[in-house]
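K.L.:
Supplied in structure tokens, the structure appears directly below.
The values are calculated or read from the model by the stated rules, or taken from the named source; none is laboratory data. Predicted, not measured: the structure shown is a model, and the values here were computed from it. Every residue, glycine as well, gets a Cβ built from its backbone with ideal geometry; the counts of neighbours run over all protein chains shown.
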Amino acid sequence: MVKITKEAALQYHAQGKPGKIEVVPTKPYSTQTDLSLAYSPGVAEPCLEIQKNPNDAYKYTAKGNLVAVISNGTAVLGLGDIGAMAGKPVMEGKGLLFKIYGGIDVFDIEVNEKDPEKFIEAVKAIAPTFGGINLEDIKAPECFEIERRLKAELDIPVMHDDQHGTAIISAAGLLNALEVAGKKIEEVKIVVNGAGAAAISCTKLYEALGATHENIIMLDSKGVITSDREKLDETKRYFATDRRDIHTLEEAVRGADVFLGLSKGNVLTQDMVRSMADHPIVFALANPVPEISYEDAMAARPDVLMSTGRSDYPNQINNVIGFPYIFRGALDVAATAINEEMKLGAVRAIAALAKQPVPDVVNETYHVNNFTFGPDYFIPKPVDPRLITEVSMAVARAAMESGVARKPITDWEAYRQHLLELMGQESKLTRQLRETARRNPQRVVFAEGIHPNMLKAAVEAKAEGICHPIVLGNDEAIAKLAKELDLSLEGIEIVNLRHPNEAPRRERYARILAEKRAREGATYEEANDKMFERNYFGMMMVETGEADAFITGLYTKYSNTIKVAKEVIGIQPGYKHFGTMHILNSKKGTYFLADTLINRHPNTETLTDIARLSEQTVRFFNHTPVMAMLSYSNFGADNEGSPIQVHEAVAQLQEQYPDWLIDGEMQVNFAMNREMRDAKYPFNRLKGKDVNTLIFPNLSSANSAYKLLQFMDADAQFIGPIQMGLNKPIHFTDFESSVRDIVNITAVAVIDAIVEKKKNCIE
């Protein structure tokens, strides 16, 4: 676990804009018309509509995606009663988590009031602003009454996350830990050390899942809570035991199946763990120091199933696994409450997710080959991208089934896709690409079968039905790697191109290539040697029709790959060059950037080819190209250097293709700002149009631009590089490509192959 210093923490919160959240406009505001619509007089119209129908606030305002994180600062983290203002950094942090994990906007509200009645009245007074209320860091027992009253008196979701968030996540973990241990919830003996808000809520939820009341022992700072103890409040009285033979934690845990700790550090000893039943389940959730350390628990009992609240140990109970998605699902159906059915829906969704194959992004984050359901992994990781769909959908469905949804969902697949797009996990474009590929999967050769990402991508593409993978490489080495990564190679063809058994095919490929390049000095002997190299062999598979598409680039230098592609596949008739394009999916729209990989110092002829190929490729992706050819000057302002080449290319293209929406040379700010471009240069051919295709003057600028954009906007999605101009579907990856990147390129390659086959049929 990274050690956090005081200095680093203070600097983090103070640097730049103080704090961690800000308000960002969601509508245009650059013109007087925009401002008149946003405020006076235009704002009166939605006001009147909401007056007639209050539910229209969900239609015309941010209410439906706005949650209040409200606290009085009486029970902040492990800091206790530090006051409302001192707790503000925590509430801002909660707002940040809501946004990055659930796409939910937050106003943090710190109420300087400890009196429960006055606090309730304050929250009720501001509630119309919000679609939901997250109560945070309010001490027990006041928090119970505050939440109960607000849930009863408001018609929006209210949840005290300190209670229910921990309860939901730990309940999901408990269900799975019991399954791993081979035990039934209705039979296990449970010891709960702690009687605060979280402990009470956890234990009640365990009961709702089937735990037997008589099998539960709860302790507070005074020891076992027994029914003969005087001055018990109502919540503790509910869990008071009639047993008189146990008084201490040591006595209570003897023979117990489950220990739940929500108390303080180092109160559970190794001897106590040793006294528990076989395969004991220990949830030591005190933070930052658990009731027993992970190391001590494992040393005491190797068969222990252990959870803590810490990220540096397995099976972390982390509320972020729950609250963003619980509120997401509740908001999306305009729920009037978060009820028990919705909480149980979240529990079961989280538990089920841990049993599914783990996405590569999760494994990479934690630097493991593959998480597998079992003792070290029975709770999903907070970074699991599937939480947004699985938990939110389960909560929304439970809200509808329990009758608290005002806006029911009718198309669940569309809702799933909306969630993926909301969090930038998938765009409409990538979804369409994959769906199109699935309708007609092709034979795709993956050049670098021994590369973990490429092998994972081949397996994933097969599982999604995108293609029929053919993986090149040593079959024994690939099998070993697959075993290490816990990958199934079923249905995947492996071709060991250097094996003696492949000698006849290598010789046949060599003869074909030698004959094809005979007038260029190629010999059979030289061609045969080349067939031991994966790019030559793989491209020849496509060239001969024994495969439909080829993916390479993770290990190979581009210069070599480009050379091989020209030699084996060749460039499309009518062109002298080929190039690549990257597609950028951002909040501002979809943009096409070229040439990002191939042509280092393009001249006028090369730029013309790149623009022609780009026009064709953009249409391939069902967009109408509006092309700006970029430079550091505008429309002939500089008559030296690269602008001249761009200027000449534009002139040729406009003459040859008068109907095309293309112009330049222009600076990128004029390309992207339609109003500024049209005002300054009213003669431009793109007038009134938003540019979606950017043709860069050289490789340095194109490559730098897309990588800078990638770095500056973590939410932006890039697809590419996408090959343009070769005779066959040969596609490149980058050495830093993720599994997701390669799968997206594979989908493009499959569609490319489908189009190629249709074109050949027509011809």
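K.L.:
How do the pairs read when you match residues in segment 584-605 that are among the acidic types (Asp, Glu) with residues anywhere that are assigned to a loop (DSSP other than H, G, I, E, B), using Cβ under 8 Å and keeping only pairs 6 or more apart or on different chains?
P.N.:
Pairs found: Asp595/Pro602; Asp595/Phe696; Glu605/Lys576; Glu605/His577.
K.L.:
Output the strands (runs of 3 or more DSSP E) that fall wholly within segment 105-205 and possess 2 or more residues being under 21 Å from Tyr238 (Cα atoms), or say none.
P.N.:
190-193
K.L.:
In segment 270-298, how many residues are polar (S, T, N, Q) and either closer than 26 Å to Glu214 by Cβ or in contact with a Phe, Trp or Tyr (Cβ under 8 Å, 6 or more places away or on another chain) (or both)?
P.N.:
Qualifying residue count for the region: 1.
K.L.:
Continuing with the same structure: If we scan segment 231-244, do we find a residue that is part of a loop (DSSP other than H, G, I, E, B), surrounded by 16 or more Cβ atoms within 10 Å (Cβ to Cβ), of a type outside the set (Phe, Trp, Tyr) and in contact (Cβ under 8 Å) with a residue 40 or more places away in the chain?
P.N.:
Looking through segment 231-244, none of the residues is part of a loop (DSSP other than H, G, I, E, B), surrounded by 16 or more Cβ atoms within 10 Å (Cβ to Cβ), of a type outside the set (Phe, Trp, Tyr) and in contact (Cβ under 8 Å) with a residue 40 or more places away in the chain.
K.L.:
Of the numbered conditions (1) over 18 Å from Ile104 (Cβ atoms); (2) assigned to a loop (DSSP other than H, G, I, E, B); (3) of a type outside the set (Val, Ile, Thr), Ala337 fails exactly one; give the number of that condition.
P.N.:
(1)
K.L.:
Out of segment 238-252, which residues are polar (S, T, N, Q) and under 12 Å from Asn193 (Cα atoms)?
P.N.:
Within segment 238-252, Thr248 is the sole residue that qualifies.
K.L.:
Now for a separate question. Where residues in segment 316-354 are within 19 Å of Ile409 (Cα to Cα) and among the β-branched types (Val, Ile, Thr), which of them is surrounded by the fewest Cβ atoms within 10 Å (Cβ to Cβ)?
P.N.:
If we take residues in segment 316-354 being within 19 Å of Ile409 (Cα to Cα) and among the β-branched types (Val, Ile, Thr), then Thr336 is surrounded by the fewest Cβ atoms within 10 Å (Cβ to Cβ).
K.L.:
Sort out which residues of segment 374-405 are closer than 23 Å to Gly132 by Cβ, among the aliphatic types (A, V, I, L, M) and surrounded by 23 or more Cβ atoms within 10 Å (Cβ to Cβ), and write them in order of number.
P.N.:
Leu387, Val391, Ala394, Val395, Ala396, Ala398, Ala399
K.L.:
Given the conditions (1) surrounded by 21 or more Cβ atoms within 10 Å (Cβ to Cβ); (2) in contact (Cβ under 8 Å) with a residue 60 or more places away in the chain, report the number of the one that Thr308 does not fulfil.
P.N.:
(2)
K.L.:
Run down Leu260, Leu249 and say which single residue is under 17 Å from Glu207 (Cα atoms), in contact with a strand residue (DSSP E or B) (Cβ under 7 Å, 6 or more places away or on another chain), not charged (D, E, K, R) and not assigned by TED's automatic domain parsing to the domain that holds Leu79.
P.N.:
Answer to the selection: Leu260.
Quick grid of which residues meet (1) under 15 Å from Ser170 (Cβ atoms); (2) touching a residue at least 60 places away in the same chain (Cβ under 8 Å):
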residue	(1), (2)
Leu262	yes, yes
Ser275	no, no
Pro288	no, yes
Asp296	no, no
Ala299	no, no
Thr336	no, yes
Val347	yes, yes
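K.L.:
Inside segment 465-561, counting only helices (runs of 4 or more DSSP H) that do not spill past its ends, which hold 2 or more residues that are at pLDDT 95 or above and surrounded by 15 or more Cβ atoms within 10 Å (Cβ to Cβ)?
P.N.:
Result: 503-516, 534-543.
K.L.:
A follow-up question, please. Would you be able to tell me the number of residues in segment 565-590 that are crowded, with 22+ Cβ neighbours inside 10 Å and either within 28 Å of the chain's Cα centre (by Cα) or among the β-branched types (Val, Ile, Thr) (or both)?
P.N.:
The total comes to 6.
K.L.:
Please work out if Pro41 is in a loop (DSSP other than H, G, I, E, B) and within 30 Å of Ala330 (Cα to Cα).
P.N.:
Values: in a loop (DSSP other than H, G, I, E, B): yes; within 30 Å of Ala330 (Cα to Cα): no.
No: the conditions fail for Pro41.
K.L.:
While we're on this one: In a loop (DSSP other than H, G, I, E, B), within 30 Å of Glu756 (Cβ to Cβ) and in contact (Cβ under 8 Å) with a residue 40 or more places away in the chain: is that true of Asn634 in this structure?
P.N.:
Numbers: in a loop (DSSP other than H, G, I, E, B): yes; within 30 Å of Glu756 (Cβ to Cβ): no; in contact (Cβ under 8 Å) with a residue 40 or more places away in the chain: yes.
Criteria not met by Asn634.
K.L.:
Here is a further query. Going by what's in this entry, would Ala177 be described as modelled with pLDDT of 95 or more and either buried (at least 24 other Cβ atoms within 10 Å of the Cβ) or touching a Gly at 6+ places or on another chain (Cβ under 6 Å) (or both)?
P.N.:
Numbers: modelled with pLDDT of 95 or more: yes; either buried (at least 24 other Cβ atoms within 10 Å of the Cβ) or touching a Gly at 6+ places or on another chain (Cβ under 6 Å) (or both): yes.
In short, yes.
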